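Notes follow once the structure below has been shown.
The values are calculated or read from the model by the stated rules, or taken from the named source; none is laboratory data. What you are looking at is a predicted structure, and each value in this text was computed from that prediction instead of being measured. So basically every Cβ, Gly included, is an ideal-geometry build from the backbone, and we count neighbours across all protein chains shown.
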Amino acid sequence: MGVDDGGAAFRALVVEDEVDLAQVVVSYLDRAGFEVEHVVDGLTAVEQARATDPHVVVLDLGLPGLDGIEVCRRLRTFSDAYVVMLTARSDEVDTLVGLGVGADDYVTKPFSPRELTARVQAMMRRPRVGQDHRPENVTVIGDLQIDPDAREVRIAGDLVALTRTEFDVIAALARHPGAVLSRHQLIEMVWGAGWVGDPHLIDTHIGHLRRKLGDDAAVGKYIRTARGVGYRIGEGR
Ligand code: CA
């Protein structure tokens with residue numbers, strides 16, 4: 001895997017101060033064909049990401065200097081890289097998702113480096129809006145197609161009539177297929193960062209969307225509920 005259309009290797013940046021663990025992750029990614037760099041603190045991570053523009057960043061939460069949350073926030077101001085956050089406890093993940101940190105995936109220690117590598121490889125196979133200026137922005141979830149350029153949603157080829165806001169909500173979810181987005185994140189993406197109001201407004205729009213898509217909340221064929229957190233579209237990672 002690890003090879004993109006131009007024949008060049010995908011670049012991975014591993015940010016982890018536990019050197020033994022980092023070396024294992026680096027060696028797995030290296031064997032999977034990635035061009036891998038490793039740094040041990042947050043500030044260097046941000047500088048390195050600016051310099052090398054990695055495709056994916058494996059980012060430890062607990063770091064000296066800037067922690068993983070702050071590194072992720074800074075990365076997001078200039079980078080479209082996939083971010084996999086490494087956490088020490090599984091209960092941290094809900095908090096991080098709730099904070100709208102913007103990681104694409106979360107892996108709890110101890111983890112299998114093989115599985116981490118498989119997840120990173122799966123990310124590289126997924127198209128991402130904005131990266132490499134891909135002309136093809138359409139997200140496909142089973143028989144559901146979301147085209148942000150045409151502002152069209154189709155099921156098995158048939159156009160689904162949505163309001164502007166309903167479209168913006170599903171398009172926001174479709175920008176990160178498989179990733180849980182918190183209500184807060186969705187609101188920022190749809191209404192902008194300055195919006196003030198009840199975050200459960202999102203639930204109302206999701207309800208309308210599900211009805212129009214013929215989706216059942218209990219089944220979650222297209223849009224799934226992450227209880228107490230938010231929503232995701234498509235299969236989880
Ligand atoms: Ca650490």
Quick one: would you say VAL57 is modelled with pLDDT of 95 or more, within 14 Å of the chain's Cα centre (by Cα) and of a type in the set (A, V, I, L, M, F, W, C)?
yes
Residues (acidic (Asp, Glu) and touching a Leu at 6+ places or on another chain (Cβ under 6 Å)) located in the range 55-77
ASP60
Taking only the range 65-80 into account, find how many residues are among the hydrophobic types (A, V, I, L, M, F, W, C) and either without any contact (Cβ under 8 Å) to a residue 24 or more places away in the chain or buried (at least 22 other Cβ atoms within 10 Å of the Cβ) (or both).
3
Considering only the range 2-23, how many residues are modelled with pLDDT of 95 or more and surrounded by 16 or more Cβ atoms within 10 Å (Cβ to Cβ)?
8
Mind checking which residues of the range 53-64 are crowded, with 19+ Cβ neighbours inside 10 Å and of a type outside the set (Val, Ile, Thr)?
PRO54, HIS55, LEU59, ASP60, LEU61, LEU63
Taking the condition of being surrounded by fewer than 22 Cβ atoms within 10 Å (Cβ to Cβ) and either modelled with pLDDT of 90 or more or under 19 Å from the mean Cα position of the chain (by Cα) (or both), how many residues in the range 192-206 meet it?
2
